[in-house]
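As structure tokens, the structure follows; a few thoughts come after it.
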Amino acid sequence: MTKILPLIALTVLAGCSTGRNKRAPVQTQAVQRRDIVVTAEANGAIEPIVVVDVRSKASGMITAMPVETGTYVKPGDLLAQIDTQTVQKQFRQAAADLNSAQAQLDVAAAQKQRSDEMLAAKVITPQENEQARLAYESAQATVVRQQANLDIAKQALEDATVQAVTAGTIIEKDVSVGQIIQSGTNSVSGGTTLLKMADLTHVRMRAYFNETDIGNIRAGEPATVSVDAFPDRRFEGKVEKIEPQAVVQQGVTMFPVLVNLENFDGALRPGMNGEVSALVDQRVGVIAVPNDALKTTREGITVASLLGLDPDSVQAQIRAQMSGGFGGGGGRRGGRRGRNGANGGGAGARGASATPDAPSIATFMLASFDPQLQDRQGGRRGGFQQVEVTDRDCAAIDAAYKKFPKQKARLDSLMVKMRNPDADRRALMQEAQPLYEAMGVDRAKAGACRRRAMTAPDGANAGPAASASSGARGSTRGGMTVGGSEQGMTVRPRTGLVFVADSTTYRPRVVILGQSNFDYTEVLSGLQEGEQVVMLNVLAIQAQRQQQQDRFRQNQASPLGGGGRGRGF
């Protein structure tokens, strides 16, 4: 037994050593240009846009009702017939009264004519003639009154027949033949509702969006609706409006959003449940990296061990890029730490580098879109001189851009090149200067208009020159100019960390990120199309699985393991 124990110990140590030396396979993916679509989703139900409550102006018993729920009716179609016996009698009486009044009028007119002739012949006195005229006027008034009574009786007779005023579908039927109803005009309660109808060729979905998403949804934006009845079909709609009053559901604040939909085939019916996907932002043809390949700069040390890299070396490379620019180190203090401690660098570029060719990342986020800032960065370590501009200045710059489209297109392409981490920005700025001069645009004011556009909330008061910062396909909203639609959401640039694979090893790369969705994130700077990035999340899962398998093999191989811990011994 004494001789067996050392052998067992060596076997266990060999198994542990083998597990440590194994490393999970590394999976990479090429950086490509993609379309990044950001949506906000919410649940809702289909409802008609306008629901008409049909009531009758007449009271009485329903004698006929030829429609049912689901019936499509056109204007003039019969909806319900009310008993007409009473109103028919009233109509006949009013007609007889009118005939009697008309006869009295004829007699009074003849008497007035004779009275006028006798007055002319001085046979009667003027007072007698006035009585004949008064009788004639009274007969005329009686005819008018009886004519009005006849019109009212005729209207009452017509009101007993309820007809469709507009086209629509019967969605609810509240009464039936033989039921006595109350008039909708003479009753205090508003009368009896006969049925409800709506135009179902145009419907809407009332969806409840979380308050965290409501700020990115705007009226007029497209939306996609899917319902449970047709899971494989997508209905295209448009956001009609956002209700101003929030609704609290189970302690969560929600805002109702109305999405209009065309429903000419009648597939969508009121009450159907479904989901709305509203377009929030879109980036077309931008360089994107999978979210599984992204980590924060603080996680670089942890990832380094998974890739078999030296954590201290990886940390030094990340610190150099954060303080000295992309792909750059050196500077007056090389890779040494600055005064601000272990993170190196610092807000004032006191760390690894303060040279013009290696601006800090915070400066680079603005300098990539502002040649003036890059120009001044070479002569001063701290910031730049702010240039004040007005709406008129920015409008004039925008007019100059429209007047010289070729120079503007060339300038946009130079600004796109400035985002490349390996670009010679000073040379690009020197190349851009003649373009500004040819267009008659002051570069300092152009940069100020761009900064003004970047800092204006939702582009408010940004001036027309804001489009100058959009590059080849971008738009300006909030604090950053990034590609996509002009109605895109506000995106603040942020830093991220990827590991780029080359022929021999993996190198950390600090990148500037823009818009993102569940799968991909836009890369504003730091990566080029075609570069291979490591799928870090997949690597972590594989490493964890490998450790579990190694641990299981060790337990199975160990004589002490057996079927359970310590059971064999």
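Some notes on this structure:
- Carbon/sulfur fraction of accessible area - region 120-187, other protein chains in place, 1.4 Å, %: 52
- Candidate cross-link partners of Lys74 among the lysines, defined by an alpha-carbon separation under 29 Å and a same-chain spacing of 8 or more, comprise Lys57, Lys154, Lys173, Lys196, Lys238.
- A Förster distance of 25 Å, applied to the separation of the beta-carbon atoms of Gln155 and Thr63, puts the FRET efficiency at 0.85.
- Averaged over residues, the count of other Cβ atoms within 10 Å places the peptides 438-445, 263-270 in the sequence 438-445, 263-270, highest first.
- Rounded to the nearest whole Hz, the Karplus-based 3J(HN,Hα) values (6.51 cos²θ - 1.76 cosθ + 1.60, θ = phi - 60°) of region 390-406 follow the sequence 10, 4, 5, 4, 5, 5, 5, 5, 5, 5, 5, 4, 6, 6, 10, x, 5, with x at glycine and proline.
- Fully extended contour minus Cα-Cα distance, from Thr302 to Asp391, at 0.36 nm per residue: 27.1 nm
- The simple Förster model, with R0 at 25 Å and r as the Cβ-Cβ distance, assigns Asp424 and Asp35 a FRET efficiency of 0.25.
- Alpha-carbon centroids, region 271-308 and region 92-156: separation in whole Å: 92
- Global form of region 265-307, assessed from the alpha-carbon gyration tensor, a/c cut-off 1.5: prolate
- Difference of contour (0.36 nm per residue) and Cα-Cα distance, Val52 to Val144: 29.4 nm
- Length gained on full extension, Gln111 to Arg234: 36.1 nm, using 0.36 nm per residue less the C-alpha separation.
- Protection proxy ranking for 507-520, 240-253, using the average of other Cβ atoms within 10 Å per residue and placing the highest first: 507-520, 240-253.
- Karplus-derived 3J(HN,Hα) values for region 271-276, using 6.51 cos²θ - 1.76 cosθ + 1.60 with θ = phi - 60°, are x, 5, 8, x, 9, 9 Hz; glycine and proline are entered as x.
- Cα gyration tensor, region 146-233 - rounded (a/c under 1.5), prolate or oblate: prolate
- Neighbourhood charge, 12 Å Cβ-Cβ cut-off, centred on Pro126 and excluding it, Lys, Arg +1 and Asp, Glu -1: -1
- Set of lysines near Lys112 by C-alpha distance (under 26 Å), chain-local residues within fewer than 8 positions excluded: Lys122
The values are calculated or read from the model by the stated rules, or taken from the named source; none is laboratory data. What you see is a predicted model; the values in this text were computed from it and never measured. Virtual Cβ from ideal backbone geometry, glycine too; neighbours counted across all protein chains shown. Areas reflect the complete protein model, heavy atoms only, side chains present, ligands, DNA and RNA absent. Shrake-Rupley method; radii C 1.70, N 1.55, O 1.52, S 1.80 Å.
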